[in-house]
Amino acid sequence: MNDARDISTVALMKSLDAAVASTNARLQPELDRDYETLRTQLARRGVDIDRITQEVGAFGVAIPSWGVGTGGTRFARFPGPGEPRNVHEKLEDCAVIQRLTAATPTVSLHIPWDSASDYRALKERAAALGLQFDAVNSNTFQDRPGQGLSYKYGSLTHTDPGVRSQAIAHNLDCIRIGEQLGSKALTLWIADGANFPGQQHLSSAFERYLNSAAAIYAALPADWRLLIEHKMYEPAFYATVIQDWGSSLMAAETLGPKARCLIDLGHHAPNVNIEMIVARLIHAQRLGGFHFNDSKYGDDDLDAGSIDPYRLFLIFNELVDARFRDAPGLAPTHMLDQSHNVTDPIESLMSSAIELTRAYAQALLVDRSALAEYQTANDVLMAAQTLKRAFTTDVSPVLARARERAGAAIDPVMTYRASGYRAECATRRPQSAGARSGIV
Ligand code: AFD
Ligand code: MN
Ligand code: MN
C-alpha cells in the first residue's frame, strides 16, 4: 500500500473524528432529553427503547460504489466538486459515510467501472478504511473499449453464441474478483430485451438467458449467491428479458438454491405493491436482497424514503414480520442503488441509510400480537391504525442514539458539512475533462 494513501487516510479520519466530537458534544444534551422522552412514551406501549436502539445499531446497508459520483440523465451530467475519480477515491467517500452513520459497513463494486490492478490490495485498503465488500455487480449493458463483440443487441441472451460466451466470461471474471475482495454474491442485471415487437423471440431469449445463467451459476463458490435483479424496462422499452419478479423467480428456481431474487424498488410499474412481492419471495425462500431507492415514476433512483416513506416502512414490516416468525431461508442483503443529479452524493447516501434505519425501527415498533388479533377479527380500521401508529412514531432519537453509541455522528449531514470534506476533495481531486461514472 502506498504511503501517500496511508497519510491521507489518517488525515481524513482525524478531521472526521474532530467534527464528530465537536458536533456530538453540542447535540448531546438535546438528544439525551429527546431519548428519555421517547423512552417514557414507548414504555407505555410496552416497548423497551434500548432493545430497539440495539437492533438499529446492528443494521447495515451496502453503498453502491457508483453512487458516490454524480449521475446524470439522458440529457446532461453536471459533475459536482471533488468527485471520486477511481475506486480508491470512491472507497474514501464510502468510508466517510460509514464513519458518520455507522450504518454502511460494506461497499458493492461494479466491474469494469471499479477495475483495479490488485484486488487483494484493494481489500486491504478497504479494511484500513473500516469497510468490507458486499455483492459484486457485472456489467454487460455497455461495451468497453477494445471489447471483441458488441452488446448492442444483448449479452447473455444474444442470438450470437459468441456474444453470450463473452458475457458469461465477464461474469466469471467478476466472481474471481469478488473472491479476492471477500464478496459472497454476484448481482446479475442485464439490459437485454427488445425495443420493438417482433425484434426478439420472447421465449427463446428467456431460454438463452437460462442457459447462460446456468454457466455462471456453475462457477459460483459454494457459499456464494447469484442475485437476479429484474427491471421492467429501460433501456429495452418494449420487452426486457428479466422484466419482473415472475421471470426472476422462474430463473432462480431453474438455476438452483444459490440463485435468489433481488428487488430494486424502482424497477416496477407505478403503484405495484412491492411489499407483496417481498412477502411472496419470502414464502418461496428466494428473497436475495434489495437495491433500496425511491421513485415517483420509474427507475428514478432517488434517495430512499424521499417520495414514499410509507412503502419503505411496509417493506421493512414484511421483513421484520418474517424474521419474528423465523421464516426459513431469510437472509436478504441490503444495498442502496441511487443516482444523484442535484445533491451531494455523500449527503444523499447518508440520508438514505438513515431512512432505512428509520423504517426498520418503525417496523420493530409494530404491535404484532395486536395486529394479528385485529386481522383475525377483521377489524380493518384498527389493523391499519396499528401499522400507522408505528409508522408515525418519531424514532429519530433512537437512530441518533444508535449512531452515537457506535461512535458516529448524532447528525451526520451537519457533521459532514462542518468537516469541510467536500471542499478538501475539490482541491485534492481536480476533474479531468470528460470524467464520468456510468449510471444506468
Ligand atoms: C440499473 C440496475 C442495476 C445496475 C445499475 C447500474 O438498477 O442495479 O447495476 O442500474 O447503475 O438500473
Ligand atoms: Mn439496481
Ligand atoms: Mn435501477
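Taking every DSSP helix (H) stretch of at least 4 residues in the chain, weighting each as -39,500 (n - 2.57) and dividing the sum by the residue count yields a mean residue ellipticity at 222 nm of -16000 deg cm²/dmol. Placing a label point 7 Å from the Cα of Gln132 along the Cα-to-Cβ line, the residues of the stretch 52-88 whose backbone N sits under 20 Å from it are 54-65. Is the shape of the chain best called rounded, prolate or oblate, per the rule: a/c under 1.5 gives rounded, else a/b larger than b/c gives prolate, else oblate, with a ≥ b ≥ c the square roots of the Cα gyration tensor eigenvalues? Oblate. Full extension of the chain segment joining Asp300 with His283 gains 3.3 nm, where the gain is 0.36 nm per residue of separation less the Cα-Cα distance. Cross-link check: pairs Lys14/Lys90; Lys123/Lys231; Lys14/Lys123 evaluated at a Cα-Cα cut-off of 28 Å; pairs beyond the cut-off: Lys123/Lys231. Computed over all pairs of different Cα atoms, the Kirkwood value for the hydrodynamic radius of the stretch 1-94 is 17.5 Å.
Contact order for the stretch 192-350, expressed relative to its length and based on alpha carbon pairs under 8 Å spaced 6+ residues apart, stands at 19 percent. Under 5 Å between amide hydrogens, built in the peptide plane, is the criterion, and for Asn137 it picks out Leu109, His110, Ile111, Thr187 among residues at least 5 positions away or on other chains. Extension gain, Ala426-Ile307: 0.36 nm per intervening residue step, less the Cα-Cα distance, totals 39.8 nm. Summarising the label geometry, the points placed 7 Å from Cα in the beta-carbon direction at Thr392 and Arg176 lie 5.8 nm from one another.
When each of the peptides 384-394, 106-116, 25-35, 52-62 is scored by how many other beta carbons lie within 10 Å of its residues on average, the order from highest to lowest is 106-116, 52-62, 384-394, 25-35.
Along the charge dipole of the chain, which of Ala239, Leu149, Gly82 sits closest to the positive end, that is, farthest toward it, with unit charges on the beta carbon of Lys, Arg, Asp and Glu (+1, +1, -1, -1)? Of the options given, the answer is Leu149.
Within the chain, antiparallel bridges make up roughly 10 percent of the DSSP beta bridges whose residues both belong there. Mind listing the long-range amide H neighbours of Thr240? Cut-off is under 5 Å, sequence gap 5 or more, other chains count too, H placed in the peptide plane at 1.01 Å from N. Counting only residues 5 or more places away or on other chains, the set is Ala194.
Of all aspartates and glutamates in the structure, the ones whose alpha carbon falls short of 19 Å from that of Lys388, not counting any fewer than 8 places away in one chain, are Glu275, Asp308, Glu318, Asp321, Glu355, Asp367, Glu373, Asp379.
Coordinate-derived values only; no laboratory data. Remember, it's a predicted structure, so these values are computed and weren't measured experimentally. Heads up, the Cβs are rebuilt from the backbone with ideal geometry, glycines too, and the neighbour counts pull from every protein chain shown.
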